[in-house]
1. Over 22 Å between Cα atoms, which of LYS31/LYS96; LYS47/LYS97; LYS96/LYS118; LYS97/LYS118 qualify?
2. With a 10 Å Cβ neighbour count serving as the proxy for reagent exposure, in which order, fewest first, do LEU74, LEU112 appear?
3. Could you work out [θ]222 nm for the chain from helices alone, using -39500 (n - 2.57) per DSSP H run of at least four and dividing by all its residues? Round to the nearest 500 deg cm²/dmol.
4. Please find the FRET efficiency linking VAL98 to ILE54, where r is the Cβ-Cβ separation and R0 is fixed at 22 Å, and quote it to the nearest 0.05.
5. Take every Cα-Cα distance within the chain, group them into 5 Å bins from 0 onward, and report for each bin the whole-number percent of pairs it holds.
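No value in this document is a laboratory result; all are computed from the given coordinates. Keep in mind it's a predicted model, so treat the numbers as computed, not measured. All Cβ positions, even for glycine, are placed from backbone atoms using ideal geometry, and neighbour counts span all protein chains on display.
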Amino acid sequence: MQCIVDAQEIFEVMPSWYLMQSKIDDPRWPKDYFGLVQCNDPYFVWKPFYDPTIGEDENDNRISPEEDEYWKNLSEFREIINIDPRTGWYMVEAAKKVGYDPQEDGDMASWLIERITKSKAEKEILKKT
């Protein structure tokens, strides 16, 4: 599948799990969408979005339109990454190796998007969509 969409590696999100972005449109992996890939085909494909609250003042309780959109996208993303227990276990174990703590960080979906957002901010490598 990576070859069909000319997927470009963005970064290794966690050991052996790569964030990739398609460059050619395909019904299974639309152009510019992200995919979380372990070997060849993506386990998940989703329209890119980022956490707009990263770096904001935690005492600012106002909700921006970007935050409303973020919560909608995050809810959809949670459905997308709802996978079989074995794959989920491998994913959680890999995430733990790069700092994910299920007790502290909560659900995997939020943690993944936060990690992707921070990488984007730090490296300025992801295309804004």
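1. Working: LYS31/LYS96 30 Å; LYS47/LYS97 26 Å; LYS96/LYS118 17 Å; LYS97/LYS118 17 Å.
The answer is LYS31/LYS96; LYS47/LYS97.
2. Working: LEU74 16, LEU112 23.
By the 10 Å Cβ count, ascending, the order reads LEU74, LEU112.
3. Values: 4 runs with 48 residues, N = 129.
Only helices count here, giving -11500 deg cm²/dmol.
4. Working: r = 17 Å, r/R0 = 0.77.
Between VAL98 and ILE54 the formula returns 0.85.
5. Calculated over all Cα pairs of the chain, the distribution is 2, 10, 20, 23, 23, 14, 7, 2, 1, 0 percent.
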